1. Would you please give the FRET efficiency between SER103 and THR253, computed as 1/(1 + (r/R0)^6) with r the Cβ-Cβ distance and R0 = 56 Å, to the nearest 0.05?
2. Over segment 141-229, what is the mean sequence separation of C-alpha contacts under 8 Å (at least six apart), divided by residue count, expressed as relative contact order in percent?
3. Would you mind classifying segment 198-259 by shape? Square roots of the alpha carbon gyration tensor eigenvalues, ordered a ≥ b ≥ c; an a/c under 1.5 is rounded, otherwise it is prolate if a/b is larger than b/c and oblate if not.
4. Mind checking the dipole of segment 188-232: about its Cα centre, +1 per Lys or Arg Cβ, -1 per Asp or Glu Cβ, Debye to the nearest 20?
5. Report, in debye and to the nearest 20, how large the dipole of segment 676-750 comes out about its Cα centre when Lys and Arg carry +1 and Asp and Glu carry -1 on their Cβ.
6. Under 30 Å from the Cα of LYS521, which lysines turn up, not counting those fewer than eight places away in the same chain?
7. For the pairs LYS23/LYS222; LYS267/LYS324; LYS171/LYS334; LYS217/LYS265; LYS423/LYS496; LYS265/LYS431, flag any whose C-alpha to C-alpha distance is greater than 28 Å.
8. Which Cα, out of ILE152, THR221, SER202, lies furthest along the positive dipole direction of segment 129-228 (beta carbon charges, K/R +1, D/E -1)?
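The values are calculated or read from the model by the stated rules, or taken from the named source; none is laboratory data. From a predicted model like this one, the values you see are computed outputs, not experimental measurements. Cβ coordinates were reconstructed from backbone atoms using ideal geometry, including for glycine residues, and neighbour counts include every protein chain displayed. Ligands, DNA and RNA are stripped out before the accessible areas are found, and what is left, the full protein with its side chains, is counted by its heavy atoms. Shrake-Rupley method; radii C 1.70, N 1.55, O 1.52, S 1.80 Å.
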Amino acid sequence: MANKLDFTTHERELSLTIYNQLKARIETSLLPGDEERVRAQLSHDLESGQLSRNVFGLNPIVLAFQTAMITVDEIGLKRDSVLAILLYASVAGGQLSIDTIESDYGESVARILRGLMRIQELYKKNPVVESENFRNLLLSFAEDMRVILIMIADRVNLMRQIRDTAEAEAKRQVSEEAAYLYAPLAHKLGLYKLKSELEDLSLKYLEHDAYYMIREKLNATKQSRDAYIENFIGPVSQRLTAAGLHFHIKGRTKSIHSIWQKMKKQKCDFEGVYDLFAIRIIIEPESQGAEGSGAGGQKHQLSETALCWQAYSIVTDMYQPNPKRLRDWLSVPKSNGYESLHITVLGPEQKWVEVQIRTERMDEVAERGVAAHWRYKGVKGETGLDEWLTNIRTMLETADGNEVMDQFKMDLYEDEVFVFTPKGDLLKFPKGATVLDMAYHIHSKVGNTCVGARINNKVVTFRQQLRSGDQVEIMTASTQKPKQEWLGVVKTSRAKSKIRLALKETQAKEALFAKEMIERKFKNRKIEIDEATMAHMIRRLGFRQVSEFYQQVADGTLDTNTIIDRYQELRQREQNPNIDTVIRSAEEFVLETGSDSPLHVPDDVLVIDRDLKGIDYQLARCCNPIYGDNVFGFVTTGGGIKIHRADCPNAPELRRRFPYRLVKAKWSGKGASQYSIALRVVGTDDLGIINNLTSIISKDEKLVLRSINIDSHDGLFRGTLVVMVDDTSRMETLIKKLRTVKGVKQVERV
């Protein structure tokens with residue numbers, strides 16, 4: 001349990017020192033009455049006994065002063081952020097309302113505090129912080145960029161203070177959050193110095209042995225490393241000075257965390273990491289005078305980028321560069337505004353050295369991140385966070401630098417929402433997504449049985465739209481089934497496809513049930529079902545597909561008694577001996593061309609003999625016959641005729657089992673129709689072979705490529721081409737052409 005707040009002598013002295021430093025740094029931005037009101041509020045909080053130490057035993061007032069100092073010195077924030085930090089404990093403890101804050105200190109301070117309070121509410125939902133979604137949610141939830149910057153500064157300060165704490169578990173949790181959440185946030189905003197400190201301290205607390213091993217080895221090699229840096233810098237400085245450049249150079253040892261990551265990635269020991277340090281050349285463009293620059297002072301007019309490339313040219317003339325290690329963030333800066341030129345060169349003693357070239361402005365942006373743009377012109381970003389940062393920089397250019405954030409309200413990730421599961425996992429959905437979208441995201445069964453949800457402990461329907469920060473618990477019922485109208489409820493294509501699949505499966509089950517019910521009714525009436533008569537009746541009822549018929553039976557649209565009556569009526573007519581048509585053997589039926597045929601059909605399809613007038617026929621899909629193939633007809637149970645190739649894979653079985661259903665057939669006169677064929681192609685998987693195959697087809701205007709499916713394995717490809725052709729002769733010509741393609745080993749019709 002936290003101890004009651006009581007200042008020690010050291011804490012009082014430290015608070016007074018930081019207070020005076022803060023006052024000196026932001027005094028010009030303070031408004032009349034600010035200092036007096038804050039001091040009075042802090043005194044009131046102390047006297048009321050409402051403030052207490054945290055789990056580590058740290059004083060909240062001292063922590064607030066230290067965090068405020070980091071935001072001022074390391075990031076560049078001013079009055080509003082400092083006041084929000086100092087007053088946060090009062091608001092969180094209920095001693096001060098946001099409305100009072102807005103009245104006394106202005107809307108900007110109130111907005112920062114409101115953002116800090118909202119994020120604390122998120123933490124109460126036990127989020128999984130090592131999630132990119134949670135970082136994005138924080139950015140979209142914060143409302144004001146300064147909220148995120150304050151959070152980063154607060155975590156840096158806390159990590160500095162807990163070095164000697166005895167609270168091991170709390171220390172581990174804080175350190176893991178620093179590594180998973182705050183360091184990536186700092187990196188995203190370009191706060192590289194604070195990012196490196198968070199990473200190093202996390203490594204120090206979480207992997208103690210690795211941290212101190214690297215630190216000791218760095219200390220042991222410091223003298224030789226410093227000597228090498230001086231040996232490298234000396235000649236470079238002379239050449240840069242001779243070229244008339246104004247600059248300063250510094251050697252920077254890489255962070256312990258960075259070295260540890262390289263050791264793990266490269267699977268080597270400390271001695272195997274060759275780039276332990278980097279040389280940074282910082283150009284001073286404002287100092288580039290006309291002296292020594294030629295007539296007209298052209299040196300002064302060189303752009304920052306040109307100066308950096310000039311330095312690059314000098315360094316690479318002296319030392320051999322590694323072209324694979326060139327990183328040009330001058331031409332295309334990073335999305336967070338980072339600009340620099342990174343090269344790796346082979347220095348003295350044949351050692352690789354990383355050299356970073358940038359201007360003073362670029363260096364400050366790299367160290368202080370977004371806040372550095374308050375003094376410098378920004379760089380155009382791209383999308384999402386990049387556009388957000390660009391908007392900030394644009395505003396900084398057109399308004400008072402120190403107070404511009406008072407006007408700014410973040411509108412980031414406006415097309416996305418982030419919601420929590422009960423376990424704290426964070427899911428991302430497009431704006432407008434509903435509870436049903438989330439249910440199907442979790443699992444198809446959850447979606448199919450979803451009846452609603454509890455959002456922040458409030459029961460809602462599955463039509464409820466999701467909002468960022470919601471904690472959603474899906475509610476299901478075993479009696480629930482997907483419905484067609486659900487397709488209009490969901491937003492995501494994933495949910496729509498799962499609903500369509502579920503509807504299809506449901507319809508199939510209902511159709512099977514309906515079929516079994518009809519068969520049972522027929523059996524109860526002692527009526528035998530003839531499949532051909534049943535198929536004929538279904539067509540007479542106007543159904544194009546049998547599934548539609550059974551679906552209406554399942555829905556109750558069609559009454560089974562009516563079906564039985566219609567079936568018996570049709571069956572009696574078929575068995576009536578006085579019917580006009582004479583029944584003949586199927587063996588007598590011949591499909592042939594007849595100039596006197598009364599059928600008004602195109603001459604490019606099969607013409608059926610007049611004795612078979614009215615009988616449906618189709619080209620069988622199992623063998624896809626085309627004009628010119630030897631064919632035969634097969635009378636189906638539904639009364640129609642399927643036309644098969646004589647060499648159809650199913651032909652032997654049909655002849656053996658159903659000889660009485662076979663019908664002789666032949667093609668009519670050739671017309672303009674095209675038929676689908678499938679060709680199997682096997683060949684060597686050479687570059688361009690697919691283009692050569694498809695090129696042959698595309699060049700023939702009478703051929704149409706419908707689809708192509710290629711599978712490559714062990715240097716061979718096997719492909720299936722589906723092509724529309726006029727007849728067998730054109731197909732054979734195409735096969736011959738495809739066989740001439742280099743690398744093709746086999747072409748055959750499927």
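1. Values: r = 50 Å, r/R0 = 0.90.
The pair SER103/THR253 has a calculated efficiency of 0.65.
2. Working: 52 pairs, mean separation 21.9, N = 89.
Reported relative contact order: 25 percent.
3. Details: a/c = 6.21, a/b = 2.40, b/c = 2.59.
It comes out oblate by the Cα gyration axes.
4. In total the dipole reaches around 140 debye.
5. Values: 12 positive and 10 negative charges, 32 e Å.
Its charge dipole is roughly 160 debye.
6. Counting by Cα, and skipping residues close in sequence, LYS521 has these lysines nearby: LYS481, LYS483, LYS504, LYS509.
7. Working: LYS23/LYS222 39 Å; LYS267/LYS324 21 Å; LYS171/LYS334 33 Å; LYS217/LYS265 19 Å; LYS423/LYS496 26 Å; LYS265/LYS431 38 Å.
As for pairs spanning more than 28 Å Cα to Cα, those are LYS23/LYS222; LYS171/LYS334; LYS265/LYS431.
8. Comparing the listed Cα positions along the dipole, THR221 ranks first.
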